[in-house]
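The values are calculated or read from the model by the stated rules, or taken from the named source; none is laboratory data. Only a predicted model underlies this, so the values are computations on that prediction, with no experimental measurement involved. Using ideal geometry, Cβ is built from the backbone for each residue, glycine included, and neighbour counts are taken over all protein chains shown.
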């Protein structure tokens, strides 16, 4: 009988081409996504005069720089128009499937991959984007890479990697009403810290994780990188297989049945060893918001803004004070009731159909008292939302319904939070200046962002009768 | 890539944790070609928002930060900005995994030091110090010498300046054999047409 293995071990082992004496492994890569920002990687490939190894395993998606308005008009910013053109040129030249601005499949790469059935259990997947960890929700090993690694994958369809350590995070129990995948992952990051999983691949386990639908699992795995993890994974199960079946690029018929049989062998074996274990009780997780400029500053919405004077460690005290100075909050005040200037509902973290439904459920029949932007993660999500009338709910509430893309999460496509403005956002990073120079971001779930829009302040969605 | 052996140069301390790559280079500069001079974008907003930011009015070859330096976005532009500004080495108690990988590909040395030792070093800065990569020693400004750990492969790449892709393509036969085996083992792994 062989040694019990983790989900991660099984996927890693199935992709190891060779391992050098120094322990570095050459890994086969099953799927590679590129976007407008990948031009540096293509440039290096061209500079070295090398061809693309496997264009059939590469997909190009326009998402980071795409404008969320006036999609039918030429892009005004010449630098952004040039980024789009470079992606087009590189995709065409190398024979890569391109999901361009006018493509009915277009959207954020981490929404598109699963939607098109390109994301499957047991695959290795990479993209020049740190939120590639998202795809681990299907039991894939998926991680972000830099431009040099992009060029390496383009040229060889492989990557040199050191085997990371494993961390299992078990969340058992039942989540309370109005507590979503976003609250789970924020609570996890709040517990282990922004560097808490550096060098590790996380496996999320436990009944609360198994109880999440695929979109909630995608949200959880998406923010693995915000805890410093190399990747996040969830064991595939019937929920996963049902979601994958029938997707355009997924296996069909007998091939699908054979795939499911293989995927059922992926979950971690009984007795498999992890380098570290962390457990959380689902019932303890409340709707969660961040107060600072790192996702690790996540607290229950019922908490008070931390007081640096109460922090015994000098370095941590300074860090709290610096963050409070930037974010403009007073120590000891309740987080709930903090006035906000704007909401953003979208991003690769929270722009799928159930996310939009959760926000719409709060906004239906209500008005937002601050401006806001809702951006579906993809064209298919947008069309499905419109078919349900969700766009009307958002518009009737006074929010703008944008065209699919990364939008106000990344501060590079024209959707910006103004200097000094405070934004309730469903995205993944509250870094200083992330949503635009001087922007102040509070991360939260779609339902909580909708509640914030209605009250014009950080609000416990459970109190919004 | 400039091969790396021994470096003596000015070191500056950044006394903060979780410096993300959005701070190292704000997103709006990532559309620029490398020829635009990425050194101009290094800590662009922090340098303007904080008059006393340690790099203002100073040049450095070595940065010494607190834990989780380079967390967040995978942007390799963060490494370009550091390298183009003349930074050859960053020392911290831990690094974002993707940042550290990107650094290695661009000849930027990342050295992991235990948090108390990194804090002790920052307390001696700004000052000149020496990094001996082949010998894996740091010569602190106060004259003390400390060893550090280093991935042997990464060390060889930094010292010899190896081309990763060329190195990988030397394994073409093994890669081809893997693909042959894999087609039988995982016929479902290829995307449906």
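Any residue at all in the stretch A:117-131 that is surrounded by fewer than 24 Cβ atoms within 10 Å (Cβ to Cβ), more than 10 Å from every other protein chain (Cβ to nearest Cβ) and at positive phi?
No, the stretch A:117-131 has no match at all.
Would you mind telling me which numbered condition in (1) more than 10 Å from chain B (Cβ to nearest Cβ); (2) closer than 26 Å to residue B:193 by Cα; (3) crowded, with 21+ Cβ neighbours inside 10 Å residue A:8 fails?
Going through the list (1) more than 10 Å from chain B (Cβ to nearest Cβ); (2) closer than 26 Å to residue B:193 by Cα; (3) crowded, with 21+ Cβ neighbours inside 10 Å, residue A:8 breaks only (2).
So which residues in the stretch A:79-92 are without any contact (Cβ under 8 Å) to a residue 24 or more places away in the chain and at the interface with chain B (Cβ under 9 Å from one of its Cβ atoms)?
Narrowing the stretch A:79-92 to residues without any contact (Cβ under 8 Å) to a residue 24 or more places away in the chain: A:79, A:81-82, A:85, A:88-89, A:92.
Selection gives A:79, A:82.
Go through the stretch A:158-179 and count every residue that is farther than 14 Å from residue A:220 by Cβ and more than 13 Å from chain B (Cβ to nearest Cβ). Please lay out each step first, then the result.
Residues of the stretch A:158-179 that are farther than 14 Å from residue A:220 by Cβ, as a first pass: A:158-166, A:172-174, A:176-178.
Within this subset, residues satisfying the condition of being more than 13 Å from chain B (Cβ to nearest Cβ) are A:166, A:172-174, A:176-178.
Summing the residues that are farther than 14 Å from residue A:220 by Cβ and more than 13 Å from chain B (Cβ to nearest Cβ) in the stretch A:158-179 gives 7.
Test of understanding: among A:69, A:76, which residue is surrounded by fewer than 18 Cβ atoms within 10 Å (Cβ to Cβ), within 25 Å of the chain's Cα centre (by Cα), more than 10 Å from chain B (Cβ to nearest Cβ) and assigned to a loop (DSSP other than H, G, I, E, B)?
Values: A:76 fails: within 25 Å of the chain's Cα centre (by Cα).
When all the criteria are applied, what remains is A:69.
Taking the stretch A:234-262 as the region of interest, how many residues are outside any loop (DSSP other than H, G, I, E, B), facing chain B (nearest Cβ under 7 Å) and either free of Cβ contacts under 8 Å to residues at least 60 places away in the same chain or closer than 26 Å to residue A:224 by Cα (or both)? Give the steps one after another, and end with the answer.
Here is the first cut: in the stretch A:234-262, the ones outside any loop (DSSP other than H, G, I, E, B) are A:234, A:238-244, A:253-262.
Cutting the leftovers down to facing chain B (nearest Cβ under 7 Å) gives us A:255, A:258-259, A:262.
If we keep only those that are either free of Cβ contacts under 8 Å to residues at least 60 places away in the same chain or closer than 26 Å to residue A:224 by Cα (or both) too, we end up with A:255, A:258, A:262.
Residues that pass the stated criteria total 3.
Taking the condition of being surrounded by fewer than 24 Cβ atoms within 10 Å (Cβ to Cβ) and in contact with a strand residue (DSSP E or B) (Cβ under 8 Å, 6 or more places away or on another chain), how many residues in the stretch B:66-86 meet it?
Going through the stretch B:66-86 one residue at a time, the tally reaches 2.
Taking residue A:277 and the conditions (1) in a strand (DSSP E or B); (2) in contact with a helix residue (DSSP H, G or I) (Cβ under 9 Å, 6 or more places away or on another chain), which numbered condition does it fall short on, given that it satisfies the others?
Unmet for residue A:277, out of (1) in a strand (DSSP E or B); (2) in contact with a helix residue (DSSP H, G or I) (Cβ under 9 Å, 6 or more places away or on another chain): (2).
Every residue in the stretch A:180-196 that is surrounded by fewer than 24 Cβ atoms within 10 Å (Cβ to Cβ) and more than 11 Å from every other protein chain (Cβ to nearest Cβ), please.
Residues satisfying the conditions are A:187, A:190, A:191, A:192.
Looking at the stretch A:332-339, can you tell me whether even one residue there is at negative phi, out of contact with any strand residue (DSSP E or B) (no Cβ under 9 Å at 6 or more places or on another chain) and surrounded by fewer than 22 Cβ atoms within 10 Å (Cβ to Cβ)?
Pass one, the stretch A:332-339, residues at negative phi: A:333-336, A:338-339.
Still in the list and also out of contact with any strand residue (DSSP E or B) (no Cβ under 9 Å at 6 or more places or on another chain): none.
Checked against the condition, which is being at negative phi, out of contact with any strand residue (DSSP E or B) (no Cβ under 9 Å at 6 or more places or on another chain) and surrounded by fewer than 22 Cβ atoms within 10 Å (Cβ to Cβ), the stretch A:332-339 yields no hits at all.
Would you call residue A:155 more than 21 Å from residue A:8 (Cβ to Cβ), under 16 Å from the mean Cα position of the chain (by Cα) and either within 14 Å of chain B (Cβ to nearest Cβ) or crowded, with 24+ Cβ neighbours inside 10 Å (or both)?
Details: more than 21 Å from residue A:8 (Cβ to Cβ): yes; under 16 Å from the mean Cα position of the chain (by Cα): no; either within 14 Å of chain B (Cβ to nearest Cβ) or crowded, with 24+ Cβ neighbours inside 10 Å (or both): yes.
When the stated conditions are applied, residue A:155 does not pass them.
Quick one: residue A:321 ticks every box in (1) in a helix (DSSP H, G or I); (2) touching a residue at least 24 places away in the same chain (Cβ under 8 Å) bar one, so which box is it?
It fails just one condition, (2).
Between B:90, B:83, which is under 29 Å from residue A:25 (Cα atoms) and within 14 Å of chain A (Cβ to nearest Cβ)?
On the way: B:90 fails: within 14 Å of chain A (Cβ to nearest Cβ).
Of B:90, B:83, the one residue that is under 29 Å from residue A:25 (Cα atoms) and within 14 Å of chain A (Cβ to nearest Cβ) is B:83.
Which condition breaks for residue A:437 when tested against (1) within 14 Å of another protein chain (Cβ to nearest Cβ); (2) touching a strand residue (DSSP E or B) at 6+ places or on another chain (Cβ under 7 Å)?
(2)
Taking the stretch B:148-176 on its own, how many of its residues are outside any loop (DSSP other than H, G, I, E, B) and either more than 9 Å from chain A (Cβ to nearest Cβ) or within 20 Å of residue B:138 (Cα to Cα) (or both)?
Applying the first criterion (outside any loop (DSSP other than H, G, I, E, B)) to the stretch B:148-176 yields B:152-160, B:164-169, B:172-176.
Right, trim to either more than 9 Å from chain A (Cβ to nearest Cβ) or within 20 Å of residue B:138 (Cα to Cα) (or both) and you get B:152-160, B:173, B:176.
Number of matching residues: 11.
With the requirement that a residue be more than 18 Å from residue B:93 (Cα to Cα) and loosely packed, with under 15 Cβ neighbours inside 10 Å, what does the stretch B:115-140 give you?
B:127, B:128, B:134, B:135
For the structure I just gave you, tell me whether residue A:90 is in a helix (DSSP H, G or I), under 24 Å from residue A:434 (Cα atoms), in the same structural domain as residue A:149 (by TED's automatic domain parsing) and over 22 Å from the mean Cα position of the chain (by Cα).
On the way: in a helix (DSSP H, G or I): yes; under 24 Å from residue A:434 (Cα atoms): no; in the same structural domain as residue A:149 (by TED's automatic domain parsing): yes; over 22 Å from the mean Cα position of the chain (by Cα): yes.
So residue A:90 does not fit the description; no.
Give just the number: which of (1) surrounded by fewer than 24 Cβ atoms within 10 Å (Cβ to Cβ); (2) in contact (Cβ under 8 Å) with a residue 24 or more places away in the chain; (3) farther than 14 Å from residue A:335 by Cα; (4) touching a helix residue (DSSP H, G or I) at 6+ places or on another chain (Cβ under 8 Å) does residue A:453 not satisfy?
Residue A:453 satisfies all of (1) surrounded by fewer than 24 Cβ atoms within 10 Å (Cβ to Cβ); (2) in contact (Cβ under 8 Å) with a residue 24 or more places away in the chain; (3) farther than 14 Å from residue A:335 by Cα; (4) touching a helix residue (DSSP H, G or I) at 6+ places or on another chain (Cβ under 8 Å) except (1).
Evaluate the stretch A:395-402: report whether one residue or more is in contact with a helix residue (DSSP H, G or I) (Cβ under 6 Å, 6 or more places away or on another chain), outside any loop (DSSP other than H, G, I, E, B) and surrounded by fewer than 24 Cβ atoms within 10 Å (Cβ to Cβ).
First pass over the stretch A:395-402, keeping only residues in contact with a helix residue (DSSP H, G or I) (Cβ under 6 Å, 6 or more places away or on another chain): A:397, A:401.
Still in the list and also outside any loop (DSSP other than H, G, I, E, B): A:401.
Okay, now just the ones that are also surrounded by fewer than 24 Cβ atoms within 10 Å (Cβ to Cβ), so A:401.
Yes, the stretch A:395-402 has at least one match.
Name the residues in the stretch A:15-51 that are assigned to a loop (DSSP other than H, G, I, E, B), touching a residue at least 40 places away in the same chain (Cβ under 8 Å) and within 9 Å of another protein chain (Cβ to nearest Cβ), would you? Please lay out each step first, then the result.
Within the stretch A:15-51, the first condition is being assigned to a loop (DSSP other than H, G, I, E, B), and the residues that meet it are A:20-23, A:29-30, A:35, A:48-51.
If we keep only those that are touching a residue at least 40 places away in the same chain (Cβ under 8 Å) as well, we get A:23, A:29-30, A:35, A:48, A:50-51.
Correct list: A:23, A:30, A:48, A:50.
Filter the stretch B:162-192 down to the residues that are within 22 Å of residue A:260 (Cα to Cα) and touching a helix residue (DSSP H, G or I) at 6+ places or on another chain (Cβ under 6 Å) and list them by number.
Going through the stretch B:162-192, the residues within 22 Å of residue A:260 (Cα to Cα) turn out to be B:179-192.
Within the stretch B:162-192, B:188 is the sole residue that qualifies.
If you check residue B:31 against the conditions, is it within 12 Å of chain A (Cβ to nearest Cβ), free of Cβ contacts under 8 Å to residues at least 24 places away in the same chain and not in a helix (DSSP H, G or I)?
Yes.
Please enumerate the residues belonging to the stretch A:300-318 that are more than 12 Å from chain B (Cβ to nearest Cβ), without any contact (Cβ under 8 Å) to a residue 24 or more places away in the chain and loosely packed, with under 15 Cβ neighbours inside 10 Å.
A:309, A:310, A:312
Return the total of residues in the stretch A:348-390 being surrounded by fewer than 19 Cβ atoms within 10 Å (Cβ to Cβ) and without any contact (Cβ under 8 Å) to a residue 60 or more places away in the chain.
10
Each row is one residue, and each column tells you yes or no for (1) assigned to a helix (DSSP H, G or I); (2) within 14 Å of chain A (Cβ to nearest Cβ).
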residue: B:121; (1), (2): yes, no
residue: B:124; (1), (2): no, no
residue: B:178; (1), (2): yes, yes
residue: B:192; (1), (2): no, yes
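Quick one: would you say residue A:405 is within 20 Å of residue A:352 (Cα to Cα), in a loop (DSSP other than H, G, I, E, B) and away from every other protein chain (no Cβ under 13 Å)?
Numbers: within 20 Å of residue A:352 (Cα to Cα): yes; in a loop (DSSP other than H, G, I, E, B): yes; away from every other protein chain (no Cβ under 13 Å): yes.
Answer is yes for this residue.
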